[in-house]
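The values are calculated or read from the model by the stated rules, or taken from the named source; none is laboratory data. It should be emphasised that the depicted structure is a prediction, and the values quoted were computed from it without experimental measurement. Glycine gets a Cβ as well: all are built from the backbone with ideal geometry, and neighbour counts include every protein chain shown. Heads up: the accessible areas ignore ligands, DNA and RNA and are worked out on the full protein's heavy atoms, side chains in. Shrake-Rupley method; radii C 1.70, N 1.55, O 1.52, S 1.80 Å.
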Amino acid sequence: MSWIGRDDALEALGVKPQTLYAYVSRGLIASRPDENDPRASVYSAVDITGLVKRRRSGRGRQAIASAAISWGDPVMETAITTVRDGKLIYRGKDAVRLAADATLEEAAALLWQASAPSPSRSATGNEAQGDTGKARLLAYLADRAAHDPPSFGRGSAALSEDGAQLLAGVCSAVTGTGGRGFFHQRLGRHWDLTPGGTDLLRRALVLVADHELNPSTFAARVAASTGAPLAACALAGSATLTGPLHGEANARALAYLKRAMEDGPQAALASLAARGERVPAVGHTLYPAGDPRAAALIRWMKPAPALKRAIKAAEAASGHAANVDMALAALSVQLSLPEDAPFLIFASGRMAGWIAHAIEQQASGRLIRPRANYTGR
């Protein structure tokens, strides 16, 4: 097979780097590490030639739009996050390396391009109504959305300040208490974690802070494009995250892991098969070689033997590596966290990304308004 470098591939295709990486992640173009530079990749010349020919054969606007709506070509530009060569990148920085030392507030400052890390602060939010952290989170955002000023016409600096207050308020809502400290410290105290467990929580929050144009982030950007309050944008993202095919995927992973720990992995897998369910939280379209967030978090937590066997069994049965939903579920088992912990960690961390995308969308001054393909009479 003939291989060419990135610059030659981009020239042949006439696309931006993000589009090339999307082609690779979708299996349209094969790639491998460059033998002369392990940090770079080379791309299949045959695949590129075939793709160019198919594009020249012509696809109608309708077909292009239909293909782009689900794991399709990039549909908008962003300078916040991308997936490149199997790595998650925040503003040019490897998210896994960032998570080794950074707090969520520092990751947020990077994503928002704030002048300094967002300071830890006390914030209201503990008055939000609800019996669970999830209920209080949604209630808090809904109340803020109903009373906060629109984001329309406001500068990035003012929105970043609002974002810092919103992030601290979300922590108060999730924990049901006020107080000071970084997000992971306050959440660690709420769950009575050891220093080691609290540090794992910090790493997890940074790892899930953003992930390109996922469903919840797109929902947040749509809200931001209308000039809605920042809290409304975060509420749109949170509401989308509650779906079982997005943020709640880790709930199914948690159920599997607990069953596997009690009855053994094979019994848990057989139970899934008997119900006609797939192995949860394995594989990821953007990471053919495995989700680096999951690999890092599982490595850092050093799972107990039974938990490690359960993860390995799921990977072996499915033929795919664990993704970040499995890792969050495993973290919850390892630290004996409550049932809604995976969702709360995901939503809390992703709050930084939703705010970043809302700020970027507002700065663009563009309304997101696609057209529909009418199929009725």
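Within region 345-367, the set of residues being in a helix (DSSP H, G or I) and either at positive phi or among the basic types (Lys, Arg) (or both) comprises Arg350 only.
Filtering region 295-344 down to residues that are touching a strand residue (DSSP E or B) at 6+ places or on another chain (Cβ under 8 Å) and part of a loop (DSSP other than H, G, I, E, B), which residue is surrounded by the fewest Cβ atoms within 10 Å (Cβ to Cβ)? Going through the qualifying residues, I end up with His320.
Residues checked against (1) of a type outside the set (Val, Ile, Thr); (2) open to solvent by 10 Å² or more (accessible area, probe 1.4 Å):
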position: Leu166; (1), (2): yes, no
position: Val174; (1), (2): no, no
position: Gln185; (1), (2): yes, yes
position: Trp191; (1), (2): yes, yes
position: Val206; (1), (2): no, no
position: Ala228; (1), (2): yes, yes
position: Ala232; (1), (2): yes, yes
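Screening Glu277 against (1) at pLDDT below 95; (2) open to solvent by less than 60 Å² (accessible area, probe 1.4 Å) leaves a single unmet condition, (2). Can you find, within region 25-34, the residue that is nearest to Thr285 (Cα to Cα) among those that are part of a loop (DSSP other than H, G, I, E, B) and modelled with pLDDT of 80 or more? The qualifying residue nearest to Thr285 (Cα to Cα) is Leu28. Of the residues making up region 65-105, those that are at pLDDT 95 or above, more than 19 Å from Gln18 (Cβ to Cβ) and surrounded by fewer than 18 Cβ atoms within 10 Å (Cβ to Cβ) number 3. Might you let me know whether region 157-167 holds any residue that is out of contact with any helix residue (DSSP H, G or I) (no Cβ under 8 Å at 6 or more places or on another chain) and farther than 21 Å from Ala356 by Cα? Within region 157-167 (the criterion being out of contact with any helix residue (DSSP H, G or I) (no Cβ under 8 Å at 6 or more places or on another chain) and farther than 21 Å from Ala356 by Cα), the answer is no, since none of the residues qualifies.
Among the residues in region 242-257, are any under 23 Å from Ala107 (Cα atoms), assigned to a helix (DSSP H, G or I) and in contact (Cβ under 8 Å) with a residue 60 or more places away in the chain? Within region 242-257 (the criterion being under 23 Å from Ala107 (Cα atoms), assigned to a helix (DSSP H, G or I) and in contact (Cβ under 8 Å) with a residue 60 or more places away in the chain), the answer is yes, since at least one residue qualifies. Working only within region 279-294, note down all residues that are under 13 Å from Leu331 (Cα atoms) and touching a residue at least 40 places away in the same chain (Cβ under 8 Å). Within region 279-294, just Arg293 meets the criteria.
Just to be sure, is Ala228 closer than 30 Å to Ala363 by Cα, small (Gly, Ala, Ser) and touching a helix residue (DSSP H, G or I) at 6+ places or on another chain (Cβ under 8 Å)? Yes.
If you check Tyr43, Tyr21 for being outside any loop (DSSP other than H, G, I, E, B) and in contact (Cβ under 8 Å) with a residue 60 or more places away in the chain, only one passes: Tyr21. Counting the residues of region 143-156 that are part of a helix (DSSP H, G or I) and either in contact with a helix residue (DSSP H, G or I) (Cβ under 6 Å, 6 or more places away or on another chain) or of a type in the set (D, E, K, R) (or both) gives 4.
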